[in-house]
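First the structure, in the form of structure tokens, and then the observations on it.
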Amino acid sequence: MSGDGQRGSGAAGQRGGLTAEVGAHRGVSEHGSAHGGHGTETAPYEPVFRGEELAKLEQLFTLYPTKQACLLPALWIVQEARGWISEPAIGEVAQVLGLTPAYVKGVVTFYTMYHTHPVGRHFIQVCTTTPCNICGAEDVVKALLQQTGCEELGATSPDGRFTVLEVECLGACGFATPILIDDDFIENVTPDRVAGILQRYQ
């Protein structure tokens, strides 16, 4: 999230335009909570890009040649603030960047690191591609699902701590089975190591 270049218009004018655009999203309903399971209550959608988050986005505009180029880091800002990226949030990102919601949703659903529903406090990704599968990745998945209480992939554990997901490759075929918990990369995971690993995450 770094780069060179200067934005042509002033920050004050940009801030005013963004604030007006974001305000248009008030009143949209959003389901679920930020972390820990699927919510059932409906509440008015609160825009993300206000205050500190808006300042972060405006700083990005000074580093990238176009607003569209800020899409990936803008989505990270939303996910860091809310824990996941809802349909109203997709609409907000689209509006502040001058894109269509369909375009933004296509990007969100392409990458496994963006969450389209509430997840646990700790997000676990397990590599199950051929090299890791041969080395027992499926057994690691089973151990994670059982010991987290998630029971199935993509579900959140009853205590809200974990969500487990299979991914295509974590780029460590020589250290099967690798897993990623939040930003922690852990190699050579076996079923009997799972319980000890999970104890580190509350």
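The values are calculated or read from the model by the stated rules, or taken from the named source; none is laboratory data. Predicted model only: the values in this text are computed from it and were never measured. Reconstructed Cβ throughout: ideal geometry from the backbone, glycine too, with neighbour counts over all protein chains shown. Please note that ligands, DNA and RNA were not included when accessible areas were found on the heavy atoms of the full protein model with its side chains. Shrake-Rupley method; radii C 1.70, N 1.55, O 1.52, S 1.80 Å.
Things worth noting here:
- Being in contact (Cβ under 8 Å) with a residue 40 or more places away in the chain, under 22 Å from residue 156 (Cα atoms) and not basic (Lys, Arg) is a property that does not hold for residue 91.
- Residue in the range 151-171 that is aliphatic (A, V, I, L, M), under 23 Å from residue 79 (Cα atoms) and without any contact (Cβ under 8 Å) to a residue 24 or more places away in the chain present: yes
- When residue 186 is tested against (1) in contact with a strand residue (DSSP E or B) (Cβ under 7 Å, 6 or more places away or on another chain); (2) open to solvent by less than 10 Å² (accessible area, probe 1.4 Å); (3) more than 21 Å from residue 79 (Cα to Cα), only condition (2) is not met.
- The residues in the range 165-183 that are under 19 Å from the mean Cα position of the chain (by Cα) and either closer than 20 Å to residue 142 by Cβ or open to solvent by 70 Å² or more (accessible area, probe 1.4 Å) (or both) can be counted, and the count is 10.
- Any hit, the range 110-126, residues being out of contact with any Leu (no Cβ under 6 Å at 6 or more places or on another chain), farther than 30 Å from residue 187 by Cα and either surrounded by fewer than 21 Cβ atoms within 10 Å (Cβ to Cβ) or of a type in the set (Asp, Glu) (or both): no
- Scanning the range 57-86 for residues that are closer than 12 Å to residue 47 by Cα and open to solvent by 20 Å² or more (accessible area, probe 1.4 Å) turns up 81, 82.
- Condition check for residue 141: farther than 15 Å from residue 166 by Cα, open to solvent by less than 40 Å² (accessible area, probe 1.4 Å) and modelled with pLDDT of 95 or more: no
- When 75, 97, 71 are checked against the criterion of being more than 17 Å from the chain's Cα centre (by Cα) and of a type in the set (A, V, I, L, M, F, W, C), a single residue qualifies: 97.
- Test: residue 160 is under 25 Å from residue 82 (Cα atoms), at pLDDT below 95 and surrounded by 14 or more Cβ atoms within 10 Å (Cβ to Cβ): yes
Yes or no, residue by residue, for (1) more than 25 Å from residue 201 (Cβ to Cβ); (2) within 20 Å of the chain's Cα centre (by Cα); (3) of a type in the set (Val, Ile, Thr):
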{"site": "79", "(1), (2), (3)": "no, yes, no"}
{"site": "87", "(1), (2), (3)": "yes, yes, no"}
{"site": "92", "(1), (2), (3)": "yes, yes, no"}
{"site": "123", "(1), (2), (3)": "no, yes, no"}
{"site": "132", "(1), (2), (3)": "no, no, no"}
{"site": "141", "(1), (2), (3)": "no, no, yes"}
{"site": "151", "(1), (2), (3)": "no, no, no"}
{"site": "163", "(1), (2), (3)": "no, yes, yes"}
